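Engineer: Quick one: this structure, given as structure tokens, is what I'll be asking you about.
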Amino acid sequence: MKKSRFSETQIMAILNQAEGGVPVPELCREHGMSNARFYKWRSKYGGMDASLISRMKALDDEYKHLKSL
């Protein structure tokens, strides 16, 4: 799987900017990403904080490891 250009903290910062009132098209242009990526992140990470995102990532890694066994 291709590694994302954005870290979890960057994703959270972008989502927080959007919640703060910055228009989505402006955010996407500023960060060089598509609108679809933004809305995908919002559906996946919406309402989470940084600790929950890191926990979710750890669980995904553990799941991939167990599935490969």
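Just so it is clear, none of the values below were taken in a lab; they were calculated from the coordinates. This structure is a prediction, so every number in the text was calculated from the model and none was measured. FYI the Cβ positions are ideal-geometry reconstructions off the backbone, even for glycines, and counts take in every protein chain you see.
Engineer: I need the helices (runs of 4 or more DSSP H) fully contained in the range 1-66, keeping only those with at least 2 residues that are in contact with a Lys or Arg (Cβ under 8 Å, 6 or more places away or on another chain) and surrounded by 10 or more Cβ atoms within 10 Å (Cβ to Cβ).
Structural biologist: Once the helices (runs of 4 or more DSSP H) in the range 1-66 are filtered for at least 2 residues that are in contact with a Lys or Arg (Cβ under 8 Å, 6 or more places away or on another chain) and surrounded by 10 or more Cβ atoms within 10 Å (Cβ to Cβ), what remains is 8-19.
Engineer: I'd like to know if the range 25-34 contains one or more residues that are free of Cβ contacts under 8 Å to residues at least 12 places away in the same chain, at positive phi and of a type in the set (Gly, Ala, Ser).
Structural biologist: Looking for residues that are free of Cβ contacts under 8 Å to residues at least 12 places away in the same chain, at positive phi and of a type in the set (Gly, Ala, Ser), one finds at least one in the range 25-34, hence yes.
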